[in-house]
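Working notes for the structure below.
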Amino acid sequence: MTRVPASIGLAVAALVLLTGCGSVPDFSPGVAARVGDQTVSDAQVRDVASVYCPAVAPQLQGQPVPLSQVNARVAGSLTLRSAAEQFADDEGVTADASYQKTIDQADKGGQFKGLTDDQKDAVIEVGGAELYAAAVAKSVGSDGEKLFDQWLTDHDVEINPRYGVALGDGKASLTDTSLSYAVSDTATKAGADSPDATYVGALPATQRCG
């Protein structure tokens, strides 16, 4: 059965596009990301995360994660999807039919069972962002992925460093975009890709998912 890629994946590989010191742009208050001449707001990230978290919480199997990681996942996905939509418009294409086919198969397979309509939309929007970007690149042609990466560079797509996520290779990945270093034990645990379970469990309910 075909699955929606990364529909519940919160710990993604760190790498790809590190923002160097001195090159981090200034972000206006309330702006989570700049995508060409558009922006993704912090409010959008919070709104989607507030629906996405309860949708995927059962899949965490009692192992909660910091809400900051959920926010990072959402911020990266919303940015990637916005970029892919603009790239598609510039290229005069729509996402390859494989995108909707995968979503429909996931639906028929019961992957969205028990979710409200809003939760289903959030899971598709966040978890399906990479699939959507790949489908757009496929429609563009054999050089689609390369052209999309170049589009990201040419349009100065940037995510607010506080989210700790970056785009590259058609993906949104957790990475260290901070200009500071975590020196305390608590800060180190908070910033880990797989945070310490005791630390996460001690967080207030409003700061964790699951």
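The values are calculated or read from the model by the stated rules, or taken from the named source; none is laboratory data. These numbers come from a predicted model, not from an experiment. All Cβ positions, glycine included, derive from the backbone under ideal geometry; neighbour counts span all protein chains shown.
Which of the numbered conditions does Ala166 fail, given that it passes all the others? Conditions: (1) small (Gly, Ala, Ser); (2) over 14 Å from Ala84 (Cβ atoms); (3) part of a helix (DSSP H, G or I). Against the list (1) small (Gly, Ala, Ser); (2) over 14 Å from Ala84 (Cβ atoms); (3) part of a helix (DSSP H, G or I), Ala166 comes up short only on (3). Report, by residue number, each residue of the range 66-90 that is surrounded by fewer than 21 Cβ atoms within 10 Å (Cβ to Cβ) and under 15 Å from Val200 (Cβ atoms). Matches in the range 66-90: Ser68 only. None of Ala137, Ala122, Ala133 is touching a Leu at 6+ places or on another chain (Cβ under 7 Å) and outside any loop (DSSP other than H, G, I, E, B) except Ala133. Contact map, the range 66-80: residues that are within 12 Å of Glu130 (Cβ to Cβ) paired with residues that are basic (Lys, Arg) and surrounded by fewer than 24 Cβ atoms within 10 Å (Cβ to Cβ), Cβ distance under 8 Å, separation 6+ or inter-chain. Pairs shown: Leu80/Lys171.
Of note, Gln63 does not satisfy the criterion of being in a helix (DSSP H, G or I), surrounded by fewer than 20 Cβ atoms within 10 Å (Cβ to Cβ) and modelled with pLDDT under 95. Of all residues in the range 30-48, those satisfying the criterion of being crowded, with 22+ Cβ neighbours inside 10 Å and assigned to a helix (DSSP H, G or I) are Val45, Val48.
If you go through the range 140-159 and pick out every residue that is acidic (Asp, Glu) and not in a loop (DSSP other than H, G, I, E, B), you end up with 4.
Within the range 102-119, being part of a helix (DSSP H, G or I) and free of Cβ contacts under 8 Å to residues at least 24 places away in the same chain holds for Asp104, Asp107, Lys108, Asp117.
The set of residues in the range 102-156 that are surrounded by 12 or more Cβ atoms within 10 Å (Cβ to Cβ), under 22 Å from Ala55 (Cβ atoms) and basic (Lys, Arg) contains only Lys120.
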